[in-house]
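Quick note: the coordinates plus some simple rules give every number you see, no bench work behind them. This is a predicted model, so every value here is computed, not measured. Methodologically, a virtual Cβ is constructed for each residue, glycine included, from the backbone with ideal geometry; neighbour enumeration extends over all protein chains shown.
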Amino acid sequence: MFTGLIREMAKVESFVGSLLTIKASYKPKIGDSIAINGACLTVVQIKNGSFSVELSPESQSVLALENYKNEVHIEPAMMMGDRFEGHIVQGHVDCIGKIVAIKNNGNSADFYIELPKEYMKFVIPKGSITVDGVSLTVNDVIGTKNQFRLTIIPHTIENTLFKTYKINSKVNIETDMFARYIYNMFKGSKDKLDWDTVDSIMARY
């Protein structure tokens, strides 16, 4: 389990075949879980000043591998008793999103991200989403375009991969765990399933 708060921007030392080697200040142990650009991976090797994780063919098929070079976001798994910030993140990437627009607002920037249509039902206005492992709040959902809007402050841009993103950049997306669970709980309901209906159902209990 993770929070979506990046511990460190680490350096990619190599990515050969299925083995990704990271140079970082953080020192994990063999078998530790660590989120790299939002994907929960297992540490399989440790060297002096670096560690390696293995990406299965399944992992490689669902990740935006173009971002596994130069710098990457890393976040170790939460420990019992850790301070909880961000939101509950599983490290299970749902899909790849594409940045379709970036609009500067002076003291912030709006990023518009397009998703495959089947994942838009899990994206909720003012809900949580994880982009390359970063916990963020959805400002708007543009359902007709399968897009959502994020507003990113300068601190986040300067200290994450957001400073490198351009139009058509691809990113790992993990939708909100609670949205996925609630949708699956009520998808068999006779009521028309949208978020207004879910709110109405929940209010009955």
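Using the Cα atoms as the points, what is the convex hull volume per residue of the chain in Å³?
Values: hull volume 29.2 nm³, N = 205.
About 142 Å³ per residue, rounded to a whole number.
Residues ASP94, ASP140, ranked from the fewest to the most other C-beta atoms within 10 Å, line up as ASP140, ASP94. Radius of gyration (Cα atoms) of region 95-186, expressed as a multiple of 2.2 N^0.38 Å: 1.04.
Return the calculated 222 nm mean residue ellipticity for the chain, to the nearest 500 deg cm²/dmol, obtained by summing -39500 (n - 2.57) across DSSP H runs with n ≥ 4 and dividing by the residue count. Walk me through the numbers before you get to the answer.
Numbers: 4 runs with 30 residues, N = 205.
Calculated mean residue ellipticity at 222 nm is -4000 deg cm²/dmol.
Each Lys or Arg adds one and each Asp or Glu takes one away; over the other residues whose Cβ falls under 12 Å from the Cβ of ASN146, this sums to +2.
Here HIS87, HIS92 are placed in order of increasing Cβ neighbour count within 10 Å, fewest first, which gives HIS92, HIS87. The average projected area of region 8-76, computed from the convex hull of its Cα atoms over all directions, is 3.9 nm².
Considering only Cα-Cα distances, which of the following residue pairs are longer than 22 Å: LYS121/LYS187; LYS47/LYS170; LYS11/LYS166; LYS27/LYS98? Intermediate results must be reported in sequence, preceding the final value.
On the way: LYS121/LYS187 11 Å; LYS47/LYS170 30 Å; LYS11/LYS166 20 Å; LYS27/LYS98 32 Å.
Correct reply: LYS47/LYS170; LYS27/LYS98.
Filter the trypsin sites (Lys or Arg not before Pro) in region 107-170 to those in DSSP coil with at most 14 other Cβ atoms within 10 Å of their Cβ, and list the result. Don't skip to the end; give the middle numbers.
On the way: sites: LYS117, LYS121, LYS126, LYS145, ARG149, LYS163, LYS166, LYS170; in loops: LYS126, LYS166.
Counting only loop positions with at most 14 other Cβ atoms within 10 Å, the trypsin sites (Lys or Arg not before Pro) in region 107-170 are LYS126, LYS166.
Among MET177, MET185, MET78, the largest mean-square fluctuation in a Gaussian network model of the chain, built with springs joining Cα atoms closer than 10 Å, belongs to MET185. Each Lys and Arg Cβ is given +1 and each Asp and Glu Cβ -1; about its Cα centre, region 8-76 then shows a dipole of about 260 debye. Between the helical axis of 177-186 and the longest alpha-carbon principal axis of the chain there is an angle of about 40 degrees.
Among ASN168, ASN159, ASN48, the residue with the largest mean-square fluctuation in a Gaussian network model of the chain, with springs joining Cα atoms closer than 10 Å, is ASN48.
Going by how many other beta carbons lie within 10 Å of each one, how would you line up GLU71, GLU58, fewest first? Don't skip to the answer; put the middle values down first.
Numbers: GLU71 18, GLU58 8.
With the fewest neighbours first, GLU71, GLU58 line up as GLU58, GLU71.
The charge dipole of the chain, taken about its Cα centre with unit charges on the Cβ of Lys, Arg, Asp and Glu (plus for the first two, minus for the last two), comes to roughly 160 debye. Once the Kirkwood radius over Cα pairs is known for region 34-119, the Stokes-Einstein relation at 25 °C and 0.890 mPa s delivers a diffusion coefficient of 158 µm²/s.
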